[in-house]
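Structure, as C-alpha cells:
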Amino acid sequence: KRVAILISGGGSNMVALADSMTGDHPACPVLVLSNDPAAAGLTRAAARGIPTAAVDHRGFRGDRAAFEAELLMPLLAAEPDIVCLAGFMRILTPAFVDRFAGRLLNIHPSLLPKYPGLHTHARAIEAGDAEAGATVHLVTRVLDEGPILGQARVPVQPDDTPETLAARVLTAEHRLYPAVLRRFATGDTTRVDL
Ligand code: GRF
C-alpha cells in the first residue's frame with residue numbers, strides 16, 4: 001500500500017510512521033506533503049529518502065478550495081492508497097474528505113469523543129481527568145469525528161502541565177499510529193487499544 005503523509009510542523013508522527021514501514025510491512029511512504037514549506041518534518045522526510053512537497057496555505061488568503069486544488073496536485077501524482085494526516089493543522093473541505101473517504105486517517109491528541117478541537121491537554125487537566133491519550137480515526141466531514149481505528153491511554157499526573165501531558169501523549173501517539181497503520185494497510189479495521 002502506498003502511503004502519503006500530510007504534516008504541518010515537526011513531523012514526529014510522520015517519522016514514527018515512516019520508520020515503522022520497513023521489512024515485510026504492507027505499506028510504504030510515497031510522499032510527505034506540508035502546508036508549510038518551512039516545516040521541519042520535510043527535512044526529516046527527505047533525510048529518509050521520501051519524496052516531499054509543500055503548498056504554502058498562506059498564499060490562498062483563506063480560500064480553502066484553491067489551496068486544496070494545489071495540494072491535490074502532488075498528492076494525486078503520488079497515487080496514494082492511504083493518506084495519513086499527522087500533525088496536519090489545516091481543516092479540510094468536505095470535497096477533499098469525500099475524495100479520500102475510507103482511506104484518510106488522522107491522529108488527534110485526546111481520547112475522542114472527548115475534547116475535539118484544540119488545547120486538548122489543558123482541557124483534560126482542567127477537567128481533572130485521570131487519563132488522557134490519543135485517537136486515530138477515519139476522517140469524515142465533521143472535524144475530529146469519524147470511526148475510531150485505535151486509542152492509546154496515558155495517566156494524567158497530579159503535577160502535570162499541558163506541556164508535560166502533551167509529551168506523554170506524543171510518546172503514545174508514536175506507538176499508536178504505526179500500530180493502526182500496519183493493521184489498516186492489511187484491510188483490518190478492528191480497533192487497536194494501547
Ligand atoms: C502534536 O501536538 C500531536 O499531538 C498532534 O500534532 C502535533 C504535532 O505532531 N498529533 P507532529 O510532531 O508534527 O507529528
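Applying the criterion of being among the acidic types (Asp, Glu) and open to solvent by 60 Å² or more (accessible area, probe 1.4 Å) to the residues of the stretch 7-54, the residue that is farthest from the ligand (Cβ to nearest atom) is 24.
Among residues of the stretch 93-110 being over 25 Å from residue 187 (Cβ atoms) and surrounded by 16 or more Cβ atoms within 10 Å (Cβ to Cβ), the one that is nearest to the ligand (Cβ to nearest atom) is 109. Any residue at all in the stretch 176-184 that's under 17 Å from residue 104 (Cβ atoms), in a loop (DSSP other than H, G, I, E, B) and of a type in the set (Lys, Arg)? No, the stretch 176-184 has no match at all. Looking only at the stretch 127-149, residues that are small (Gly, Ala, Ser) and open to solvent by less than 20 Å² (accessible area, probe 1.4 Å) come to 3 in all. If you go through the stretch 156-168 and pick out every residue that is open to solvent by less than 50 Å² (accessible area, probe 1.4 Å) and among the β-branched types (Val, Ile, Thr), you end up with 1. Filtered by the rule that a residue be more than 14 Å from the ligand (Cβ to nearest atom) and closer than 22 Å to residue 92 by Cα, the stretch 144-163 gives 145, 146, 147, 148, 149.
Being open to solvent by 60 Å² or more (accessible area, probe 1.4 Å) and closer than 25 Å to residue 3 by Cα holds for only one residue in 175, 153, and it is 175.
Counting residues in the stretch 139-158 that are outside any loop (DSSP other than H, G, I, E, B) and of a type in the set (Ser, Thr, Tyr) gives zero. Taking the conditions (1) open to solvent by 20 Å² or more (accessible area, probe 1.4 Å); (2) more than 20 Å from residue 174 (Cβ to Cβ); (3) in contact with a Lys or Arg (Cβ under 6 Å, 6 or more places away or on another chain); (4) within 16 Å of the ligand (Cβ to nearest atom) in turn, residue 90 satisfies each one other than (3).
Of all the listed residues (166, 124, 134), the sole one being within 15 Å of the ligand (Cβ to nearest atom), closer than 21 Å to residue 183 by Cα and at pLDDT 95 or above is 134. Taking each residue of the stretch 180-194 that is over 14 Å from residue 135 (Cα atoms) and looking for partners that are open to solvent by 90 Å² or more (accessible area, probe 1.4 Å) with beta-carbon atoms closer than 8 Å, six or more apart or interchain, yields 185/1. Please work out if residue 121 is touching a Gly at 6+ places or on another chain (Cβ under 7 Å) and either farther than 27 Å from residue 184 by Cα or not charged (D, E, K, R) (or both). In short, no. Scanning the stretch 61-87 for residues that are farther than 19 Å from residue 15 by Cα and either open to solvent by less than 50 Å² (accessible area, probe 1.4 Å) or touching a Cys at 6+ places or on another chain (Cβ under 8 Å) (or both) returns 66, 67, 68, 71, 72, 74.
The values are calculated or read from the model by the stated rules, or taken from the named source; none is laboratory data. Keep in mind that this is a model prediction, so the values were computed, not measured. Cβ atoms come from the backbone with ideal geometry, glycine included; neighbour counts cover every protein chain shown. What goes into the accessible areas is simple: the full protein's heavy atoms, side chains included, and nothing from ligands, DNA or RNA. Shrake-Rupley method; radii C 1.70, N 1.55, O 1.52, S 1.80 Å.
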